[in-house]
Structure formats: C-alpha cells, structure tokens
Amino acid sequence: MTTTPDTGAMDNSPSLWLTFWEIIRSYPLLHYLFRRLGLALLTLVGIVVVAFFLTSVLPGNPAVVRAGPLANEERIQKYEKEMGLDRPLAVQFGDYVIHLGQGNLGESWTSRRPVQDELKERLPATAELGIAAFVATLAISLPLGILAAVYSGTAIDWAIRLFATFGASVALFWLALICIHLFYYKWHIAPPPLDRLTIGIDEPPNVTGFFTIDSLLAGDIDTFRDALNHLWLPALTLAFVVSAPMTKMIRAAMLDVLDKDFIRTARAVGVPFRQIILVDALRNAFIPVLTTSGIVFGYLVAGNVIVERVFSWAGIGQYVWQALDVNNLNAVRGFILLIATVYILLNLVIDLLYSLIDPRIRLN
Amino acid sequence: MTEPLLAIENLYVTLIDDRGKSKTILQGVSFEIYPNEVMGLVGESGSGKSMTALALMGLLPHRAQIHSGRIWFGGQNLLALPKREFSALRGSQIAMIFQNPRAALNPLMRVGNQVARVVRLHQGLGKRAAYGKGLDLLQQAGITDTSIRARAYPHQLSGGMAQRVLIAMMLACQPRLLIADEPTTGLDVTIQAQIFELIKAIQVELGTTLLLITHDLGVVSEVCQRVAVMQAGKIQEVAAVADLFAHPQHPYTQHLMSTLLRVDRPANYRE
Amino acid sequence: MLRMLLRHFTLLLGSAILMGFIAVAWVGPDQMKYEPEKVSRNTYEKPSPEYRFGTDKFGRDILTRVVYATRLDLRIAMTVAVVSFVVGSVIGAIVGYYGGRLDSILMRGVDILFAFPAFLLAMVITGVLGDSEKNVITAVTIAYIPYFVRLTRGQMLTVRTLQYADAAISIGNPSWRVILIHLLPNTLTPSLIQMSMVAGWAILDTAGLAFLGLGITSPTAEWGVMISDGAQRITTGEWWMWLYPGAALVLAAFAFNLIGDGLRNLLRLQ
Amino acid sequence: MTEPILQIEHLVKHFREGRHTIHAVNDVSFEVYPGEAVALVGESGCGKSTTAQCIIRLQKPTSGRILFNGEDITLLSARQMRQRRRSLQMVYQDPNESLNPQFSVRRTLREPLALYGLYQNKTQILAALHRVNLDQNHLGRRPHQLSGGQKQRVGMARAMMTQPQFVVLDEPTSSLDMSLRLQTLNLLRELQREFNMAYLFISHDLSTVRHLCDRVLVMYLGRIVEAGRVEDVFNHPRHVYTQALLSAIPIPDPTVHRQRLLLAGETPSARQLKPGCGLQNRCPHTTAECRLPVPFYPVGNGHVAACRLAKEEA
C-alpha cells in the first residue's frame, strides 16, 4: 500500500483502522502488547483446532461407551445421532466453534451437564492446591537457589544441586505414597487422603471456592483447620518436586548474573555485598527465571493431576482423568482449552512483567 | 625519594582451570606506584596484567588464589587485612574501571541512579542531594544534557558515553588510586582519544594516582610517566616511559619495540 | 586422576547406575525363579528370603515383576529420547537456518504444543490412541519433540550468525552442506544433554501414565502399574508393593538426570 | 592500462530495523586493480563490513552494481555464484569464530579444493600449511588446539587454497596481539606477491593499513570521504575526518608531540541521514556549504576528498 500525497481526498482521510494502528505504533509498549495479544489469540485458535480434531480421532466410539456393554447396534446408532456423531467432522467442528463463541463447552456425556459448569465447580480445588504448592515452591527454591549460587563450588552448592537432581527424578506419585504411608498410616499426623475435608464437615459458603479462605471468611475456625489439615501434605509433596527445577533455574540465573561485568563494577566502587546480591543480582536474575516460569506452571499442572488422583482431591485433574477413561470428549476438550487459556494468559502476564522489569524490552 | 603509594612484593597467584589443573599465572610480580603518577602496565593478552589489577582490588575470581606475596597500601598489607576491612577500602581508597563499559553498568538501573548510589556510599549525602551531586559529576565527565541522560538506561548509551558514566562514578569515589583496565578497548578511535583526554585532565585536576593497564604502547607513550612491562606472569622491566622507548633493556621489551607499527611513518619494509 | 574422577563424579555415578539397570534388563529376567504374571496363593506376603520384595494381591513375586519391568521401561524411555531427538533436531535445524514464513508457522505450532505440560499432552494423546506400548512411545515422543525443535532452532539461529557459517558459504558450499555438514553438528551439544534429561522424564511419564491407568496397563509388569496396584493398599500398610518398584523407577530417572548434569559439565569444557 | 578486477558502482545497502531504515552503505563506488592492496578504513558502523559482505554476496545490495572481472555478480544465480567464489575469497575477523570447531585443519583446508574437484592428495594441503608457516603436526588438530595466531593463519590458508584472484580481508589482525600482528601482515604481503592477488583490506586500524596497503579509502557514515595513495592520504589528509582519525591514534614514541584534533560528540545514527557532509555536527570548520552535498575534490595523484577545505587547496 502506498500513499501518494497531494493527489486526492483519500490521502487526507486515511481509514480509521490505519489511524488506530498508527497511534498504537507510536507507543512502543502498547504496540508490543497488541502484538503479543494477537499472537496469543492466534495460538488459542490453533489450540481449539488441535484439541477438537485430536480428540475426534479417538478410536473408541463414545456412543458405544455410553450405551453400555450390552447395547445393540440400534441403540448405539440412536446415541450417535443424539450426540451428533453421525454428522461430518467439519459440521461437528463448526457446531463446536459456534457453541464456544457463546461460552458453551458442550455437554458432558456422562453427567449430561454443561462442561463449563463442571469445570467451574472443580477449578477452585485445583487452584487452591496449585497456589499453595507454588508458594511453598518459592519458599524452598528461592533461598536454596541463591545460596547455591553465592557459595558455588562449595559443599553447600554441591548438596543443593544433588537435592535438585534428586528432586527432578522423584516420581511424584511414589513420593505421595511415601508421605501418606508415613504421615497418615504410621504417625497419624495427616488425615486420610480422601478429598479436601473430613467426611461430615460441611463445605464453607462458596465465595472464592478456596476452602481455607472461605471458612475464614465465614469465621468457621474448625472447618478452616480441617481444610488446612487436608491441604498441607499434598501441597508440600507437589512443592518438593516442583522446587527441584525451580532451584536449578534460580541457581543458574544467579550464577550467570554474578559473573557479569556490572557486578564486578558494583564491587569495585564499594557497594556492599548484601546490596549487590539482593538488589543488583536478584533483579537481573529474575528475568531468565520469569521467562522459564511457563515450565514451572507445566510441572504444577501435570503434578496436580497426579496428586489429585493420589489424594482423591476433587479438582479438574481428577475430572479429566475420569473423562479420558470413558471417552468423554467434550470434557477432555474443555479441560484442554482451560489449561491452554490459563497458560496463555500466564504468558501474557509474564511478558507484561518482563517488559516492566527490563527496560531493554520496554523501549525497543 | 617519596614513599610509594602502593607496593606489590613478590605476588604469586595460581588459577585452577576448567579441567582442574592449577597454573601459576602471576610469578612473583613486584612493582611500586608513587603518589600522583600515571603508571602504565603493558603486556599482551594472557600476560597477567588484568589479574594483577584484580588482585589489587581483592576481586580475583573464585578459581584464582593468592599463593604468596604482599601488597602494601597506606602502610598496611592488603592481603593480611580481614575481608571486611579490605572491602571498606574498595571504592573509597582504590577504585577501578573496566573495558566494555556498557556491560559494566547494571542494565536495569538508570545511570543517574547508579552514579547517585556511589555518591551516597562515599559522601554520605541524602537521596536527593546525592542525585544532584551525581548530575554534577556526569557533567564533569563530559556529558551534556545531564538531567536527560541521567534518566537513560545503559543500553541506550554508546560505549563512549557509558565510559563517561563510569568515570563519573570514579569522581564520586575520589579514590587515592584509580585503576583503569583497558578503558578504551572496543571504542572507536576518535572516542578513545576523547576518553584519554578526559582521564588525563581528571588525573591532573584531582591529583589521583593512576594505574593504566593497556596492550598499546602508543597509549603508554602518550599518557604514562612510568611503565611496567609484563610477560607470562612476570614483570620484565620497569622504567620511565622516555627511557623505555629510548633504551629498552629486556629482550622482550626490545622485541615489542621492534614490532611496533606507526601511523606517522612509512612502513618498515619500504625503508 | 582422582581429581578427574571427582569432577565427573555425577557422570560416572549416573553411568554406573544406568549400566546396572541395563545389565538387569538384559540378563535379569532369565535369573528369576518366578513368572512375572503367574498368580499364586501366597498373596500379600511380606518381604522374606522366599519373596525378597514380597508378593502382591495375586501372589505374584514383586522382585520378578520389578526386573521384567526394567526391560520394558528402559526400552520405552530410550526409544522416546532417541526418536524425539532425531526428529526434533532435524526440524529445528531446517527452520532455524531458513527462518522466514516456514519458521513462523512451525514455531506457532510448537507454541501450541508448549501450551500443555508434556505429561498432560502425553496423557491426552495416549487417551486418544489407546493403551499399548507403541502408543505410549508415540504419545510421549510427540510431547517431547517440541523441546528439541525449539532447542535446535535456537542454537541454529546463533550458529548461523557465526563467522564460520559465512566462511562455509563463501568458500562455495551449497546450502544443504552448510546446514548438515557445518552447522548441525555444532548445534547438537545441548540436545545431547537434553536427550538424557528427556529419557529421565519419559521414564517418569510412562510410569505416571501407567499409574493413572493409561498406556501400559495391568497385568503387564511395569513400575507405574505396580505402584498403582500398591496405591490401592496405601491405607492398610502393604508398603512393599509400591516401595520397591518406585525405588527402581526413581533410581533409573536419577541415573538419567545425573548423566544429563554430568554431560553438561563435560561438554561445557570444550 | 589494465582492467580493474573489481568495480563497485553506486553501491547502496539499507536495512530495515523495526520502523527505521539503517543507511549502512550510501552510494559507494570504487575499483580494485589486479595485484593491488586497497584498504577500506573507518570506525565501527561506517559501512565497511557491510560493503565487504555485499562483495562476497553474503548480503544482497539494495541497489548498485558489483562487477567482478567485468561481470555483475549481483545478477548471478546462487549456483553460478558458487563457481565464481573460487576466485573471490574472504579472510574473517575473529579466528575463534571463523573456523568450524568440529573440523580438523586437514578437513578445513581440503574442503575448498574438494568443492571444485581440485583435491588430489595431501601434498596440496601440506604445501598450503607451509606457506602460512605451519607444518604437518597441525594437520589433525581442531581449532581449540590451536593458538589465536595459528587459527588466523589456517583461515588465511583456507582462503588461498583455490588461488583466488581477489581476497577480502575483514580486519584479520584486529584480535591479534601486537607481536603477532606484524608477523601476520608480513605473511599477507608475501602471499600477495607470490600469487599476485588483489586485496580489499577492511580495517579500523590505520597503522596496519599504512604497513600493508597501496591505496586507501576512508569511509564515514556509509560514504567514502577520502581516497588516494596511502602515502598521500597519511601524509597530507585533506578531509577533516581523516585528519581527526589520524591524530587520534597514539604514537608509540614519547619524543613526538602533536596537536590533537578532537571531534566533538559521537558518530550520529545511520537512521536519519542529513544531506551534505556526515561530519557537519562534529567538525570545527563546518559552514553552510557543508550542509549541501559535497563532491569529491581532486588534489592530485588520484587523491580525492569530499571536503570543503580540499576545494580551497585544490
């Protein structure tokens, strides 16, 4: 597209879209954000397509599963028709996308309820566990990572690295079993690994969906204590495994930064060591750690599925596990979209944080 | 004769390389620096001149260890000082600028704040006063529009500009001994000339003692009064600059002199 | 010499453990006095001289099953690591060198795959493909190919700007020689390290899937399957059912991780 | 008079960098004759390396012609260009980066021959090694087993394997220590005499230029500002930029005292170019005339300078 000045009215009134774009482009940060947003949307579209077709090629026929083992051909066909499985795949996809546009993820074929409602019910359980585990992960890996970097090459570093390598090798479900065996079976410190509250204790009134927070909001100390009692062991188990790669990343990032020229300059002009570590090094090390936190998210979510299974925790991990078992396509798709969306949103937030911390991104 | 400001005696430093082998990289380095002089330390890459400087600063990398030797500064042996007291000398008594000035600044901090931080450390001013003082120092270091430039981040500055910021930091330190390790390597020739003029001017004005590390005998001849020639971890010759060029004593120095290329004379082979 | 041993302690330890596992996988099954899937009346036996690791609910010998599982799990982990490495590196090298539109499209695809944790991706794909050894391998391989694509592409982007890339072109190499002969071999070091890491992850993922009842399923002797069997008895205290297969699994993953760390140390030196 | 081996005509190279256009090379023309060593000097970002990359076609020029033996190589296909590369070679700047770390010296040196079907036996490689003062002990070594100077000599040997008529030398001595620098320059000189090659020597180091080259082209902000025989330009620089550049270089002789000509400020960005002399905001002699396009003024003996002061002397 070329604009030739002084040749007509067109040039004096460029299209609204162009003006809009020009305005955005003149603010680098805004421009950057819009580009990131566009890319995120594109990725999401790709994920919808992949999620749909991947699950559609399932060799097992959901109608057969639903009809039960004793059903005859006729009954199966009836279910296929009812579930829309007899139509061409493209039509099914179009249907799915239209529903998606209306915020409708389809119906779960086992419970006959909308998938989005079921996910909404179960998400807080997963989020509560995940966030608790993440906080614990930071509490473990931040000091360990910094210590290992500052004392690199010493016995402290060696021990921390061994811990990290071992932590990366521990099968989460096995660790969970050991924890349950010790803390519940042997020592009776933890409650039985059965969901989020002891049977007989009512769920607190739903505000956030986090039982610990909701019970506090309701002023119900007993429920809070019970919720916390159920939460700590799975959260710590998960945190142990996730903090292994996190510690490694923090250590590597810190080591990298401590080796930089500007740290040497800061020392050469007499900046105290503590200030160098906590101000100069940590802030700079935060950047690479931030960019890899998608991986940590991956560990958390994948770990959650397993921990939920072992501790019978009624979150979305359990949900998808059950759905996969019976070819509950809409439920699986809903789960995939949910995870992908959260991941993409997370990445957007990371990018935003990134551009706030690092002036080289902000201003280029 | 005046007392030397700094005297290095028989300094041995070993370095453990990646393969775990140790290698002696400084083999009995000894020389003195007298107050108010500009001393050159010249040598080729790997000769140990940067390691000598880092040893003076107590900033040797982890893998390097001082084996033996003494560094006398202000009547104290720096190597015998407790760690804490040695760090207290850094910046206030001895300070150092490095090559690759853009990498020598914290990329996440505005340069004005970096200078102000050093001012606060060494001159005990309040935040605002330190920032104002920092702007003055930046101006002294030859930066124009200081209030705007002080808000810049290092990546927005050219190498020459970044080196001026570092020089402003040195002005804030007002050290008795300033070490400059190849301060213009990587900068353009015309900018190099500007920076050297600035360093010379500041040295004369403040009466700071300067140890200039370089591989360029041209720089030595134009900036320094005395010079130590280093090769393979040893000091081979120490002399006044005029003497060194007129009558190089050590074979290595003589060899260096024979390889000099001069821009003001026709090439050797055509003579 | 002692110093060398100490420096490469992790690599040596990892290799030693792995060698041990390979030996067990190779000759172990022939030495066992029980069959892995043979049912007996001695259910839930505690570890004893007769049953070193005890028995499970069908009276099967846990030790025998752990040994047979070694063969299966190692085979899966190594296949996944090698196949994802080869496929991922070639794709990564080509898109990294040429860049442009092909690169943008492909990397978008990789981003899409990266939006899932590898384990979840493998879980969904296994769920889609159905339960079999081949399908687990396929699923886990697909989940890890993007790692190698991204890694090699990134390496390629760096390497192709180095002067020896220019030199290779300017002495008259055609593009395919520049990519395959000059550049690709110089991008492989990180992928090699990654490969041993992926082997470790793959073994954990395979067992994790089996633990959830996906991929390899009962009654096959597989570590995850056995741990899953044991998990059903977690509240009644038959700890030997899950402890031993889990220990074998973790030790194997540990070996791969040690090798990965050790390789990183070793290759960084050159 | 002989035909030039290389003729650059109105070479222009612009890069896009986000919303900006970098004017790396702006209308550069010169020629190089067989057997001649021509230096292209200037500070970082002046466009000298981009010019070199265009000549050996690692970059595609925005416009302009590059005639090699009378043939415009910007129009050749990739396959045709590969054939021409045999006589058009390059020695790279950084010896640590310009050799494939996986290749032994033998393989590095055999490759250019093998690509043109010229490789017969090991003696060819040994001969090439001897020319750069290395021997058969180095044959099996990989780059990390060689010193910086040895690596650079392998790089030189590689460029000379196919006996090219023309070699671009991209700062081949800038990362070498001073004692190696002279050695390397002398070696380049010998090789040039032996094979009667033409050199284009890209450098920011004027002292090496004075040692090696016959003619010099001084570049600033993507343009050539002064050109002439080395002795003429170094003894009587006519452009203020050349004068400043020469006076900025420290002379290793305490008995020499010079008046230094310091330029104000720094090289402006190559994003927005103003018409006229590139030095107009840094030069103490700037007048209104300098803000208009400045032609080359001849000052005799093929020496030209695009500077107002040169006109008065001409």
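In segment B:124-142, how many are under 22 Å from the mean Cα position of the chain (by Cα) and open to solvent by 10 Å² or more (accessible area, probe 1.4 Å)? So that I can check it myself, show each step before the final result.
Kept after step one, since they are under 22 Å from the mean Cα position of the chain (by Cα), are these residues of segment B:124-142: B:134, B:137-142.
Those left that are additionally open to solvent by 10 Å² or more (accessible area, probe 1.4 Å): B:139-140, B:142.
Result for segment B:124-142: 3.
Restricting segment D:94-107 to residues that are open to solvent by 10 Å² or more (accessible area, probe 1.4 Å) and more than 7 Å from chain C (Cβ to nearest Cβ), which is nearest to C:Thr158 (Cα to Cα)? I'd like the intermediate steps shown before the answer.
Step one: of segment D:94-107, the residues open to solvent by 10 Å² or more (accessible area, probe 1.4 Å) are D:94, D:96-97, D:101-102, D:104, D:106-107.
After this cut, where a residue has to be more than 7 Å from chain C (Cβ to nearest Cβ) as well, the list is D:96, D:104, D:106-107.
Working: D:Asn96: 15, D:Ser104: 22, D:Arg106: 26, D:Arg107: 23 Å.
Per the criteria, the residue is D:Asn96.
Among the residues of segment C:212-224, is there at least one that is in a helix (DSSP H, G or I), without any contact (Cβ under 8 Å) to a residue 60 or more places away in the chain and among the small types (Gly, Ala, Ser)? First the steps, then the outcome.
First, the residues of segment C:212-224 that are in a helix (DSSP H, G or I): C:223-224.
When the remaining residues are screened for being without any contact (Cβ under 8 Å) to a residue 60 or more places away in the chain, the result is C:224.
Adding the requirement that they be among the small types (Gly, Ala, Ser) leaves C:224.
Within segment C:212-224 (the criterion being in a helix (DSSP H, G or I), without any contact (Cβ under 8 Å) to a residue 60 or more places away in the chain and among the small types (Gly, Ala, Ser)), the answer is yes, since at least one residue qualifies.
Look through segment C:231-253, keep the residues that are among the hydroxyl-bearing types (Ser, Thr, Tyr) and in a loop (DSSP other than H, G, I, E, B), and return whichever of them is nearest to the other protein chains (Cβ to nearest Cβ).
Keep residues of segment C:231-253 that are among the hydroxyl-bearing types (Ser, Thr, Tyr), which gives C:235-236, C:244.
Then drop every residue that is not in a loop (DSSP other than H, G, I, E, B), which leaves C:235-236.
Values: C:Thr235: 6, C:Thr236: 8 Å.
My answer is C:Thr235.
Quick one: which residue in A:Ile295, A:Ile263 is surrounded by fewer than 22 Cβ atoms within 10 Å (Cβ to Cβ) and at pLDDT below 90?
On the way: A:Ile263 fails: at pLDDT below 90.
Only one candidate passes the filter, namely A:Ile295.
Among the numbered criteria (1) in contact with a Pro (Cβ under 8 Å, 6 or more places away or on another chain); (2) of a type in the set (Phe, Trp, Tyr); (3) open to solvent by less than 20 Å² (accessible area, probe 1.4 Å), which single criterion is violated by C:Phe148?
(1)
Return yes when D:Gly117 is open to solvent by 60 Å² or more (accessible area, probe 1.4 Å), over 24 Å from D:Ala37 (Cα atoms) and either of a type in the set (D, E, K, R) or part of a loop (DSSP other than H, G, I, E, B) (or both) and no when it is not.
Numbers: open to solvent by 60 Å² or more (accessible area, probe 1.4 Å): yes; over 24 Å from D:Ala37 (Cα atoms): yes; either of a type in the set (D, E, K, R) or part of a loop (DSSP other than H, G, I, E, B) (or both): yes.
Spelling it out, D:Gly117 is indeed open to solvent by 60 Å² or more (accessible area, probe 1.4 Å), over 24 Å from D:Ala37 (Cα atoms) and either of a type in the set (D, E, K, R) or part of a loop (DSSP other than H, G, I, E, B) (or both).
Suppose the filter is away from chain B (no Cβ under 14 Å), free of Cβ contacts under 8 Å to residues at least 12 places away in the same chain and surrounded by 22 or more Cβ atoms within 10 Å (Cβ to Cβ); does A:Leu216 pass it?
Values: away from chain B (no Cβ under 14 Å): yes; free of Cβ contacts under 8 Å to residues at least 12 places away in the same chain: yes; surrounded by 22 or more Cβ atoms within 10 Å (Cβ to Cβ): no.
No, not satisfied.
Check off (1) within 17 Å of B:Ser92 (Cα to Cα); (2) touching an Asp or Glu at 6+ places or on another chain (Cβ under 8 Å); (3) without any contact (Cβ under 8 Å) to a residue 60 or more places away in the chain for B:Leu171 and give me the number that stays unchecked.
The failed condition is (2).
Hey, can you tell me all the residues within segment D:238-258 that are touching a residue at least 40 places away in the same chain (Cβ under 8 Å) and more than 9 Å from every other protein chain (Cβ to nearest Cβ)?
Step one: filter segment D:238-258 for residues touching a residue at least 40 places away in the same chain (Cβ under 8 Å), giving D:238-242, D:245-246, D:249.
Result: D:Arg238, D:His239, D:Val240, D:Thr242.
Test each condition in (1) of a type in the set (D, E, K, R); (2) open to solvent by 40 Å² or more (accessible area, probe 1.4 Å); (3) away from chain B (no Cβ under 11 Å) for A:Arg360 and report the one that comes out false.
With (1) of a type in the set (D, E, K, R); (2) open to solvent by 40 Å² or more (accessible area, probe 1.4 Å); (3) away from chain B (no Cβ under 11 Å) applied to A:Arg360, the lone miss is (3).
From the list B:Val220, B:Val238, B:Val229, which one is closer than 26 Å to B:Gly46 by Cβ, at the interface with chain D (Cβ under 10 Å from one of its Cβ atoms) and surrounded by 14 or more Cβ atoms within 10 Å (Cβ to Cβ)? Steps first, answer last, please.
Values: B:Val238 fails: at the interface with chain D (Cβ under 10 Å from one of its Cβ atoms); B:Val229 fails: at the interface with chain D (Cβ under 10 Å from one of its Cβ atoms).
Residue meeting the stated conditions: B:Val220.
Only one of these conditions is not met by A:Ala227: (1) touching a Lys or Arg at 6+ places or on another chain (Cβ under 6 Å); (2) within 24 Å of A:Arg309 (Cα to Cα); (3) not hydroxyl-bearing (Ser, Thr, Tyr). Which number is it?
Looking at each condition in turn, A:Ala227 falls short on (1).
Residue by residue, here is whether (1) modelled with pLDDT under 90; (2) part of a helix (DSSP H, G or I) holds:
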{"residue": "A:Pro191", "(1), (2)": "yes, no"}
{"residue": "A:Glu203", "(1), (2)": "yes, no"}
{"residue": "A:Asp222", "(1), (2)": "yes, yes"}
{"residue": "A:Met254", "(1), (2)": "no, yes"}
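Looking at C:Phe85, C:Phe58, C:Phe53, which is the one that is open to solvent by 80 Å² or more (accessible area, probe 1.4 Å) and hydrophobic (A, V, I, L, M, F, W, C)? Break it down into steps so the answer makes sense when it comes.
Numbers: C:Phe85 fails: open to solvent by 80 Å² or more (accessible area, probe 1.4 Å); C:Phe53 fails: open to solvent by 80 Å² or more (accessible area, probe 1.4 Å).
Result: C:Phe58 is the single residue among C:Phe85, C:Phe58, C:Phe53 that is open to solvent by 80 Å² or more (accessible area, probe 1.4 Å) and hydrophobic (A, V, I, L, M, F, W, C).
Check off (1) assigned to a loop (DSSP other than H, G, I, E, B); (2) surrounded by 16 or more Cβ atoms within 10 Å (Cβ to Cβ) for B:Met51 and give me the number that stays unchecked.
Of everything listed in (1) assigned to a loop (DSSP other than H, G, I, E, B); (2) surrounded by 16 or more Cβ atoms within 10 Å (Cβ to Cβ), B:Met51 misses just condition (1).
Which ones in segment D:20-64 are closer than 23 Å to D:Lys274 by Cα and in a helix (DSSP H, G or I)?
D:Lys48, D:Ser49, D:Thr50, D:Thr51
Residues that are among the small types (Gly, Ala, Ser): which helices (runs of 4 or more DSSP H) entirely in segment A:267-364 hold 1 or more of them?
Numbers: elements: A:282-291, A:293-310, A:316-325, A:329-357, A:359-363.
Output list reads A:282-291, A:293-310, A:316-325, A:329-357.
Restricting to segment A:308-357, what's the tally of residues that are within 10 Å of chain C (Cβ to nearest Cβ), of a type in the set (D, E, K, R) and under 30 Å from A:Leu177 (Cβ atoms)?
The total comes to 2.
Among what's in segment C:182-210 and is closer than 24 Å to C:Val124 by Cα and open to solvent by 30 Å² or more (accessible area, probe 1.4 Å), pick the residue that is nearest to the other protein chains (Cβ to nearest Cβ).
Residue satisfying both the conditions and the ranking: C:Trp201.
Would you kindly identify the strands (runs of 3 or more DSSP E) lying entirely within segment D:183-242 that contain at least 1 residues that are of a type in the set (A, V, I, L, M) and open to solvent by 10 Å² or more (accessible area, probe 1.4 Å)?
Of the strands (runs of 3 or more DSSP E) lying wholly inside segment D:183-242, those with at least 1 residues that are of a type in the set (A, V, I, L, M) and open to solvent by 10 Å² or more (accessible area, probe 1.4 Å) span D:223-229.
Just checking, does segment D:260-269 include any residue being crowded, with 23+ Cβ neighbours inside 10 Å and more than 9 Å from every other protein chain (Cβ to nearest Cβ)?
No, there is no match, as no residue in segment D:260-269 is crowded, with 23+ Cβ neighbours inside 10 Å and more than 9 Å from every other protein chain (Cβ to nearest Cβ).
Filter segment A:147-173 down to the residues that are open to solvent by 30 Å² or more (accessible area, probe 1.4 Å), in contact with a helix residue (DSSP H, G or I) (Cβ under 9 Å, 6 or more places away or on another chain) and either part of a helix (DSSP H, G or I) or aromatic (Phe, Trp, Tyr) (or both) and list them by number.
A:Leu147, A:Val150, A:Tyr151, A:Ile156, A:Trp158, A:Ala159, A:Arg161, A:Leu162, A:Phe163, A:Phe166
Criterion first (of a type outside the set (A, V, I, L, M), open to solvent by 30 Å² or more (accessible area, probe 1.4 Å) and touching a strand residue (DSSP E or B) at 6+ places or on another chain (Cβ under 8 Å)) does D:Thr51 satisfy it? It would help to see each step written out before you state the result.
Working: of a type outside the set (A, V, I, L, M): yes; open to solvent by 30 Å² or more (accessible area, probe 1.4 Å): no; touching a strand residue (DSSP E or B) at 6+ places or on another chain (Cβ under 8 Å): yes.
Answer is no for this residue.
Which ones in segment D:247-296 are farther than 20 Å from D:Glu43 by Cβ and among the charged types (D, E, K, R)? Walk me through it before giving the result.
Initially, segment D:247-296 is screened for residues farther than 20 Å from D:Glu43 by Cβ, giving D:252-257, D:259, D:275, D:287-289, D:291-293, D:295-296.
Residues satisfying the conditions are D:Asp253, D:Glu289, D:Arg291.
So that you can scan it fast, the table gives a plain yes or no per residue for (1) under 27 Å from D:Leu191 (Cβ atoms); (2) open to solvent by less than 60 Å² (accessible area, probe 1.4 Å); (3) outside the structural domain of D:Ala306 (by TED's automatic domain parsing):
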site	(1), (2), (3)
D:Gly18	no, no, no
D:Asp27	no, no, no
D:Glu31	yes, no, no
D:Pro34	yes, no, no
D:Ala37	yes, yes, no
D:Gly45	no, no, no
D:Gln59	yes, yes, no
D:Ser63	no, yes, no
D:Leu67	yes, yes, no
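The values are calculated or read from the model by the stated rules, or taken from the named source; none is laboratory data. This is a predicted model, so every value here is computed, not measured. Note that each Cβ is placed from the backbone with ideal geometry, even for glycine, and that neighbours are counted across all protein chains shown. Each accessible area value is taken on the protein alone, full model and side chains, heavy atoms only, with ligands, DNA and RNA left out. Shrake-Rupley method; radii C 1.70, N 1.55, O 1.52, S 1.80 Å.
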